[in-house]
1. Hey, any hits in region 74-82 for a residue that's in contact (Cβ under 8 Å) with a residue 40 or more places away in the chain, loosely packed, with under 13 Cβ neighbours inside 10 Å, under 30 Å from residue 25 (Cα atoms) and assigned by TED's automatic domain parsing to the domain that holds residue 161?
2. So if I check each of 55, 60, which one is assigned to a loop (DSSP other than H, G, I, E, B) and either modelled with pLDDT of 85 or more or under 22 Å from the mean Cα position of the chain (by Cα) (or both)?
3. Test of understanding: among 155, 138, which residue is out of contact with any strand residue (DSSP E or B) (no Cβ under 7 Å at 6 or more places or on another chain), surrounded by fewer than 14 Cβ atoms within 10 Å (Cβ to Cβ), at negative phi and at pLDDT 75 or above?
4. Of 103, 156, 149, which residue is within 16 Å of the chain's Cα centre (by Cα) and outside the structural domain of residue 36 (by TED's automatic domain parsing)?
5. Being in contact (Cβ under 8 Å) with a residue 40 or more places away in the chain and over 30 Å from residue 93 (Cα atoms) is the filter here, so list the residues in region 113-143 that pass it.
6. Take residue 168 and decide whether it is under 29 Å from residue 94 (Cβ atoms), in the same structural domain as residue 94 (by TED's automatic domain parsing), within 17 Å of the chain's Cα centre (by Cα) and at pLDDT below 80.
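The values are calculated or read from the model by the stated rules, or taken from the named source; none is laboratory data. Everything quoted here is computed from the prediction, not taken from an experiment. For neighbour counting, all protein chains shown are included, and Cβ atoms are generated from backbone atoms with ideal geometry for every residue, glycine included.
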């Protein structure tokens with residue numbers, strides 16, 4: 001049996017219409033970190049727009065603070081950003097000190113700066129390792145966690161806590177800061193710089 005097909009030109013086609021889809025991504029999506037929600041507008045697989053929604057984390061902290069005294073609220077500030085807890089605590093305590101006319105010793109100021117810069121490094125290490133994991137490179141995350149644990153050991157010896165440490169509020173850091181911690185920190189600085197260069201080349205090679 002033979003079927004003959006005659007071609008008389010292009011086949012009639014209907015106009016193709018597309019419709020954007022709104023998709024909620026998070027706040028507990030495997031590809032997001034923390035309590036972040038993204039409201040996405042998609043055109044097929046293409047993201048047209050993204051609206052971030054951080055939820056009630058910070059506003060909840062403010063609400064809880066309405067019924068607390070100045071010293072009591074310090075323990076909540078460390079939990080606003082648990083990867084860089086000291087910065088929120090420090091900024092809050094600076095405001096309270098200015099309101100009360102409190103002048104802290106110079107040694108305490110030095111300790112605050114040192115702790116803040118170390119915590120900045122640990123936060124960036126988590127960012128670097130997590131970004132590599134999102135790009136498909138799991139190994140950098142293990143290295144960055146190892147370096148971060150070394151700094152957390154210093155925080156623990158300094159004030160008794162590893163992450164939410166209340167460094168500004170308690171009096172332990174001034175008593176525990178010693179040359180021993182400085183000796184432990186010095187070799188770590190050079191090693192962490194080498195690690196960051198190595199992780200950068202590994203992660204950028206995945207892009």
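1. Yes, there is a match, as at least one residue in region 74-82 is in contact (Cβ under 8 Å) with a residue 40 or more places away in the chain, loosely packed, with under 13 Cβ neighbours inside 10 Å, under 30 Å from residue 25 (Cα atoms) and assigned by TED's automatic domain parsing to the domain that holds residue 161.
2. Details: 60 fails: assigned to a loop (DSSP other than H, G, I, E, B).
The match here is 55.
3. Values: 155 fails: surrounded by fewer than 14 Cβ atoms within 10 Å (Cβ to Cβ).
Sole residue among the options that is out of contact with any strand residue (DSSP E or B) (no Cβ under 7 Å at 6 or more places or on another chain), surrounded by fewer than 14 Cβ atoms within 10 Å (Cβ to Cβ), at negative phi and at pLDDT 75 or above: 138.
4. Values: 103 fails: within 16 Å of the chain's Cα centre (by Cα); 156 fails: within 16 Å of the chain's Cα centre (by Cα).
Of 103, 156, 149, the one residue that is within 16 Å of the chain's Cα centre (by Cα) and outside the structural domain of residue 36 (by TED's automatic domain parsing) is 149.
5. Matches in region 113-143: 129, 130, 131, 132, 134, 135, 136, 137, 139, 140, 143.
6. Numbers: under 29 Å from residue 94 (Cβ atoms): yes; in the same structural domain as residue 94 (by TED's automatic domain parsing): yes; within 17 Å of the chain's Cα centre (by Cα): no; at pLDDT below 80: yes.
Spelling it out, it is not the case that residue 168 is under 29 Å from residue 94 (Cβ atoms), in the same structural domain as residue 94 (by TED's automatic domain parsing), within 17 Å of the chain's Cα centre (by Cα) and at pLDDT below 80.
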